[in-house]
Amino acid sequence: MARDNLLYEIYARRLASQVPPERVPAHVGVILDGNRRWARAMGFVASQGHQRGAAKIADFLTWARDAGVRVVTLWLLSTDNLDRDPAELAPLLDIIATAVEGLAAQGCWCLRLVGAVELLPQAVAVRLRDAVALTQAPPDPGSGAPGEALMEVNIAVGYGGRHEIADAVRAILRERAQEGDTLEAVAASLTEEDISAHLYTRGQPDPDLVIRTSGEQRLSGFMLWQSVHSEFYFCDVNWPAFRRVDFLRALRDYAGRERRLGR
């Protein structure tokens, strides 16, 4: 076991050395997929897979922070997931809320909710909002390096890419109506920048790298607007089994790509 651990650390360091600091993505989006498949493979019930997946989040954020990533978006629950069997959904929502509360208590990240939180049960929405609010205050000076900004972590719960774009357009229409503009005036002047400024992630850079675990090779509506120039990395490992070396392989793969950004 000690030998295996040593070999793992040597390999991890080798991978890390192959990712130049200037090639580390500023914003990484992650589709945390495969909790239920991992549970079935291990002979567990679905809630145990969700629990193990939630326990992996803090590890991943630590790896990302150590690598130099500035923003991480974690897709924990989609709008489609809200249609799951209540017997599975209720414990899943509790696991998510407990995980977010645990992240907030660590004081290591600045959390932000992205998604239609109003679609969640009220008690869950309150827990999420209260936890995130704890991270918005200036951090304790002893919680991190002096002058070092905390990594921003977007918690995508009740999130759907189409829903986000529709929300952005609705917000624009409401604002312009309050200013007295007609629909014709809004239609004539609406720009891509207007929509970007009303997304859940407004003010943040678009994701440079999007990672999806479990072997599925689709976005399923994740950050549809923001990912137009993102690089995608699909990993066969189910999320609960995702390791630091899997993350470093994703970074190495990203660092080796030529990004054209549509040009």
So for Tyr159, Tyr8, Tyr200, fewest C-beta neighbours within 10 Å to most, what's the order? Tyr8, Tyr200, Tyr159
GNM, the chain, Cα, under 10 Å: largest mean-square fluctuation among Gln226, Gln48, Gln122? Gln122
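Among rounded, prolate and oblate, which fits the range 2-131 when a ≥ b ≥ c are the square roots of the eigenvalues of its C-alpha gyration tensor, a/c under 1.5 means rounded, and a/b larger than b/c means prolate?
Numbers: a/c = 2.28, a/b = 1.46, b/c = 1.56.
Note, shape of the range 2-131 comes out oblate.
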Suppose every K and R has +1 on its Cβ and every D and E has -1 on its Cβ; what is the size of the dipole of the chain about the Cα centre, in Debye to the nearest 20? 980
Sort the chain into rounded, prolate or oblate with this rule: let a ≥ b ≥ c be the square roots of the eigenvalues of the Cα gyration tensor; rounded if a/c is under 1.5, and if a/c is not under 1.5, prolate when a/b is larger than b/c, oblate otherwise. prolate
Sparse-neighbourhood loop sites, GluC sites (Glu not before Pro) in the range 149-181 - DSSP loop, at most 14 other Cβ within 10 angstrom: Glu179
Under-5 Å amide H pairs with Ala26, H placed in peptide plane, nonlocal only: Asp208
Using +1 at the C-beta of Lys and Arg and -1 at the C-beta of Asp and Glu, which of Cys235, Ala123, Gly180 has the Cα lying farthest in the positive direction of the dipole of the chain? Cys235
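Which GluC sites (Glu not before Pro) does the range 206-263 hold that lie in a coil by DSSP with at most 12 other beta carbons within 10 Å? It would help to have the intermediate numbers written out before the result.
On the way: sites: Glu216, Glu231, Glu258; in loops: Glu216, Glu258.
Answer by residue number: Glu258.
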Highest-fluctuation residue, Leu61, Leu77, Leu134 considered, GNM on the chain with Cα pairs under 10 Å: Leu134
Which whole-Hz ³J(HN,Hα) couplings does the range 227-238 yield from phi under the Karplus relation 6.51 cos²θ - 1.76 cosθ + 1.60, θ = phi - 60°, glycine and proline marked x? 8, 4, 10, 6, 8, 10, 9, 9, 10, 6, 6, 5
5 Å is the cut-off here: which amide hydrogens, built 1.01 Å from N in the peptide plane, fall below it relative to Phe232, excluding neighbours closer than 5 in sequence? Val210
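Answer rounded, prolate or oblate for the range 49-201, using the Cα gyration tensor with square roots of eigenvalues a ≥ b ≥ c: rounded when a/c is under 1.5, else prolate when a/b is larger than b/c, else oblate.
Values: a/c = 2.30, a/b = 1.40, b/c = 1.64.
It comes out oblate by the Cα gyration axes.
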Going by how many other Cβ atoms sit within 10 Å of their own, how do Thr201, Thr98 line up, fewest first? Thr98, Thr201
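Once you list every other residue whose beta carbon is under 10 Å from the beta carbon of Arg212, what net charge do they have if Lys and Arg are +1 and Asp and Glu are -1? Present the calculation step by step, with values, prior to reporting the outcome.
Values: positive: Arg218; negative: Asp33, Glu216.
Taking every Cβ under 10 Å from that of Arg212, the sum is -1.
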The answer for Thr79, listing residues at least 5 apart or on another chain whose modeled amide H is closer than 5 Å to its amide H, is Tyr159, Gly160
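Readers should treat all values here as calculations from the given coordinates under stated rules, not as data from a laboratory. All of these numbers come straight from a predicted model, not from anything done at the bench. In this analysis, Cβ positions are derived from the backbone assuming ideal geometry, glycine residues included, and neighbour counts consider all displayed protein chains.
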